[in-house]
Every structure is written in C-alpha cells, then in structure tokens.
Amino acid sequence: MHDKDVQMASSHPAGHTAEKSLPPLTAGPHRSRLGLISIVACFGGLLFGYDTGVINGALNPMTEELGLTPLTEGVVTSSLVFAAAIGAIFCGRLSDGWGRRKTIIMLAVLFFLGTVVVVFTPNFEVLVVGRILLGLAVGGASTVVPVFLAELAPYEIRGSISGRNEAAIVIGQLSAFVINAILGNTLGHLDGVWRIMFAICAIPAICLFFGMLRMPESPRWLVEKGRDAEALEVLKTVRSPERAEAELAQVEKVALEEGQEKQVGFKAILGNKWLRRILLVGIGLGVAQQLTGINSIMYYGQIVLIESGFDSSAALIANIAPGIIAVVGAFIALSYMDRFDRRKTFIIGFSLTTACHLLIGFSSMILEPGNPLRPWVILFLVVAFVGSMQTFLNVAVWVYLSEVFPLHMRGIGMGVSIFALWVANGFISLYFPSVVDALGITGTFFVFAGVGVLALLFVATQIPETRGRTLEALDEDVTTGAIFLPTAKK
C-alpha cells in the first residue's frame with residue numbers, strides 16, 4: 001500500500017467517527033453483568049499470578065526434599081515460563097478457531113491437572129512435567145483472557161475492564177507470597193510444606209471452570225464466525241439494546257471487509273507491511289516489559305533480599321512488600337487507564353523503572369555488605385521499582401496487546417507477542433541466579449538499567465496510540481497503516 005493510500009485511509013470517516021456514532025453508555029443490569037463476566041474470567045489471571053509467584057517461597061523446601069541442584073532449581077522455575085511461551089502462541093491460535101470461552105474452560109482443566117501432578121510428584125522429572133502443564137495453562141490464560149475481556153468491553157472503559165486481568169495476576173502473586181510466608185513460618189518444619197503451597201492452586205481453577213460454563217462467548221468472535229444473531233444476544237446482556245445493535249453493525253462491517261480481503265494467518269500478516277509492523281510492535285513491547293527484570297523479583301525476590309542482607313526468614317516476610325505495592329499499583333493503573341494515553345504511560349513507566357535500576361545498583365555499591373542500612377534501602381528501592389512497573393507498565397502493556405491487533409489476527413498477534421514475552425521471561429528466570437552470582441546486585445541492576453534505556457527509545461519512537469478508539473476503528477487504521485502516521489501518535 002502506498003503512502004497516498006495511507007493518507008486517504010487516515011481521513012476515512014468510518015475510522016475516525018465510529019466512536020461518535022455509537023449511543024452513549026448507560027447504567028443498568030447490563031453493566032453488572034459485564035462486571036460479573038470480568039470477575040469470573042479474571043480467575044485465569046489469578047491462577048497465572050499464583051502459579052508464577054508460588055515458586056518464590058516454595059523453592060527452598062522443595063530443594064531440600066527433592067535434592068535439587070542450582071541447575072535443576074533453574075529448570076524447575078523456568079520450565080513453567082518456557083511452557084507458557086508455547087501455551088501463549090498455541091492457545092492464541094486455538095481461541096481464534098475454537099472460541100475464547102471454550103479455550104478458557106480448557107485452561108481451567110489444565111491448571112487443575114498441573115496442580116495435581118506437582119502436588120503428588122515423587123521426583124524432579126515428574127515435577128517438571130507438572131510445571132510444564134501449569135506453564136501451558138499460564139501462557140494460554142495470558143493470551144486468551146485479555147482478548148476475551150477486550151472484545152466484551154465498551155471502548156470507553158476497555159482499559160479498566162481488560163486491565164482487571166493484570167490486577168488479578170498481581171493479587172495472585174501477592175496471595176502466593178502471603179501464603180508462602182504463613183506456611184513457611186508456621187509449618188516449615190513439616191516435610192512437603194511446599195506441596196500445600198501448590199495445592200491451593202486447585203481452588204481458583206475449579207472456580208474458573210464452573211464460572212466460565214455460565215459465561216457467554218465473545219460477540220466479536222461470534223460475528224467473525226458468521227453467528228451474528230448469537231453475537232447480538234450476547235451484546236444485549238452487556239449493553240443497552242440501542243448500543244448493542246449499533247456495535248454489532250460496526251463489527252459486521254469490519255468482519256465483512258476482512259472476509260473479502262481474506263487476510264488470515266501468518267502468510268497474510270507477513271505479506272502486509274502494516275500488519276507485519278504492528279506484530280513487531282507487539283513483540284517489542286512484550287520483550288521490553290520483561291527485560292525490566294520484573295519477574296526476577298517475582299520469582300527470586302527472596303534471593304535478592306537475602307543477597308542484600310536479610311536472613312532467610314526475614315526475606316520471606318519482607319518479600320510480601322513488593323507484592324502489596326504491585327496490587328496497589330494495579331488498582332491505581334485501573335483508575336486512570338481510560339484517561340491517559342497508553343504511549344505516554346509507557347514512557348513514564350520505563351523512565352521510572354530505569355531510574356530505580358540505577359538507584360539499586362548505586363546503593364548496593366555504596367552500602368557495602370554488613371551495613372545495617374543496606375537491606376532496608378534495597379528493599380525500599382525494590383518496592384519503588386515494582387510499584388512503578390505495576391502502575392505504569394504491566395497493566396498498560398497487557399491492555400495494549402489485547403486491543404492493538406485487528407480482529408482477524410488478534411488471537412495470533414497476541415499469541416506471537418506473548419510467546420516472545422514469555423521466552424524473554426524464561427531466559428531471565430533461567431539465568432538470573434547465575435547473573436547475580438557473577439555480577440552481584442550492583443552489576444545485575446546496571447544491566448537492567450542499560451536495557452531500560454533501549455526500551456524507552458523503542459517506545460518513544462515506535463508505539464502508536466490506541467486509547468479512546470473502538471476496536472473496529474483501530475482495526476481499520478492498523479490494517480491501512482494510518483495508525484503509524486505522526487498525527488496518530490499523541
């Protein structure tokens with residue numbers, strides 16, 4: 001497509017007046033129904049958070065019982081993460097063909113099976129199998145749940161609705177930290193206490209399974225499959241009747257245009273320079289988020305705090321502080337998500353996290369081991385880093401990825417982007433203990449700061465804005481490349 005075509009598309013009335021043509025949101029039972037659907041679906045995020053966070057406190061007793069080595073500790077931790085990469089790309093594609101709702105129900109079953117295998121594992125090998133099952137479920141949930149919520153939400157509150165999944169993730173991680181601290185300090189003398197930590201995962205998995213049985217399918221997915229009447233029925237349960245019919249008309253128009261173009265799958269994406277570019281934007285943003293090192297704190301926070309000067313028991317308790325600030329930051333993010341531009345939020349977030357990395361590095365260099373201030377200063381800065389990350393990056397990144405891809409490539413676009421995100425996460429989780437051992441806290445966080453500067457430049461120059469647009473308007477502007485025009489970058 002030529003630049004002239006892009007200029008014409010940018011002035012196309014359908015792309016920029018779609019939001020104005022919709023009836024306004026109204027209060028009523030449909031708003032409560034939308035809230036209920038988001039809560040049920042977010043059990044997937046809760047499981048995501050708990051299963052990734054529980055290893056933080058379970059690793060030490062697990063190592064003692066199963067005789068793990070530093071290498072096998074890394075394998076146990078990273079096996080879930082690398083499996084999540086596979087789950088993300090596979091389930092993104094599966095949800096495009098099978099449906100968002102059915103895929104989430106399948107993931108609930110997978111969460112439960114993985115939990116059972118881990119809890120009753122007799123050895124390292126079976127433990128890794130269980131962690132892989134959990135990883136496939138975690139990766140799938142990280143792809144499908146945000147898309148499901150974004151496709152159900154009105155564009156005016158899409159950020160706060162789809163962002164609830166990230167809030168659920170950090171609530172799950174905080175729950176894991178708190179439960180680990182309680183069980184570790186009260187039942188730590190018992191063999192297999194880590195099995196109890198993992199067994200708790202079964203409860204939200206059961207809730208997700210039975211809850212989703214009563215939830216509707218994504219109306220946008222139904223339209224893509226030619227099931228327009230069902231889509232209208234679903235929309236009328238979460239919108240006023242007038243708004244439901246108007247939104248359906250927009251979705252039908254976009255689905256018809258895309259059906260005529262027959263742009264589906266990797267081949268079509270790679271053959272369209274604008275779809276290829278938006279896919280690279282998604283991949284780059286996902287990788288940049290992980291290279292801040294946020295999950296090194298969520299997985300190995302106890303190790304970082306021990307390295308800074310806390311003893312093992314105190315580190316287990318102190319590790320709750322980053323979990324608390326993560327939840328607080330998530331709710332702050334939800335409160336402004338529909339009022340501040342995504343791109344500006346990313347720039348603030350990467351600026352703050354990079355500054356925190358530098359401060360952690362300088363503090364650990366100036367305050368030598370043995371200094372009584374050292375552990376508390378580093379804990380404060382770690383909390384500041386996690387708070388900055390959660391308030392300005394984590395929620396916003398997941399919301400952005402769930403809304404930026406056109407309908408016909410949304411599942412695969414999310415899948416590929418989150419695959420890259422999880423691969424970056426996997427390498428960090430696998431090598432972080434070795435890097436800390438080789439470079440110490442000082443060198444490790446200076447490396448994170450350097451990467452943060454590169455991420456900041458990427459966001460400032462490559463990320464187009466998406467806030468305040470319907471998915472259908474974004475769909476058109478992404479496909480034609482109009483979203484990349486300078487006037488589109490607020």
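The values are calculated or read from the model by the stated rules, or taken from the named source; none is laboratory data. Because the structure is predicted, anything quoted here is derived from the model rather than measured. We place every Cβ from the backbone using ideal geometry, glycine too, and count neighbours over all the protein chains shown. We work out accessible area using only protein heavy atoms, side chains counted, and drop any ligands, DNA or RNA first. Shrake-Rupley method; radii C 1.70, N 1.55, O 1.52, S 1.80 Å.
From Ile278, Ile294, which residue is closer than 30 Å to Asn60 by Cα, modelled with pLDDT of 85 or more and of a type in the set (Val, Ile, Thr)?
That would be Ile294, the only listed residue that is closer than 30 Å to Asn60 by Cα, modelled with pLDDT of 85 or more and of a type in the set (Val, Ile, Thr).
How many of the residues making up the range 364-378 are under 30 Å from the mean Cα position of the chain (by Cα) and open to solvent by 20 Å² or more (accessible area, probe 1.4 Å)?
2
How about the range 120-166: which of its residues are farther than 25 Å from Asp475 by Cβ, in a loop (DSSP other than H, G, I, E, B) and hydrophobic (A, V, I, L, M, F, W, C)?
Phe120
I want to confirm something. Restricting to the range 338-363 and keeping residues that are modelled with pLDDT under 90 and open to solvent by 50 Å² or more (accessible area, probe 1.4 Å), which single residue is nearest to Leu393 (Cα to Cα)?
Phe340
Residue under question is Ile196, and the condition is that it be under 28 Å from Leu334 (Cα atoms), open to solvent by 10 Å² or more (accessible area, probe 1.4 Å) and within 28 Å of the chain's Cα centre (by Cα); does it hold?
Here the answer is no, as Ile196 does not meet what is asked.
Could you check, for the range 391-412, whether at least one of its residues is over 30 Å from Leu71 (Cβ atoms), in a helix (DSSP H, G or I), among the polar types (S, T, N, Q) and at pLDDT 90 or above?
Yes, some residue in the range 391-412 is over 30 Å from Leu71 (Cβ atoms), in a helix (DSSP H, G or I), among the polar types (S, T, N, Q) and at pLDDT 90 or above.
When you check Phe445 against the structure, is it part of a helix (DSSP H, G or I) and open to solvent by 10 Å² or more (accessible area, probe 1.4 Å), yes or no?
Answer is no for this residue.
Table: residues versus (1) touching a Gly at 6+ places or on another chain (Cβ under 7 Å); (2) crowded, with 18+ Cβ neighbours inside 10 Å; (3) within 30 Å of Gly28 (Cα to Cα); (4) not β-branched (Val, Ile, Thr).
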site	(1), (2), (3), (4)
Phe210	no, no, yes, yes
Leu222	no, yes, yes, yes
Ala229	no, no, yes, yes
Val238	no, yes, yes, no
Ala246	no, no, yes, yes
Val254	no, yes, yes, no
Leu270	no, no, no, yes
Trp274	yes, yes, no, yes
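Among the numbered conditions (1) more than 18 Å from the chain's Cα centre (by Cα); (2) open to solvent by 10 Å² or more (accessible area, probe 1.4 Å); (3) over 24 Å from Asp96 (Cβ atoms), tell me where His408 comes up short.
The single condition His408 does not satisfy is (3).
Of the conditions (1) assigned to a helix (DSSP H, G or I); (2) crowded, with 21+ Cβ neighbours inside 10 Å, Ile332 satisfies every one except a single condition; which number is it?
Answer for Ile332: the failing condition is (2).
Quick grid of which residues meet (1) over 30 Å from Arg227 (Cα atoms); (2) modelled with pLDDT under 90; (3) touching an Asp or Glu at 6+ places or on another chain (Cβ under 6 Å):
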| position | (1), (2), (3) |
| --- | --- |
| Leu46 | yes, no, no |
| Asn56 | yes, yes, no |
| Leu68 | yes, yes, no |
| Lys102 | no, no, no |
| Val109 | no, no, no |
| Phe124 | yes, no, no |
| Thr143 | no, yes, no |
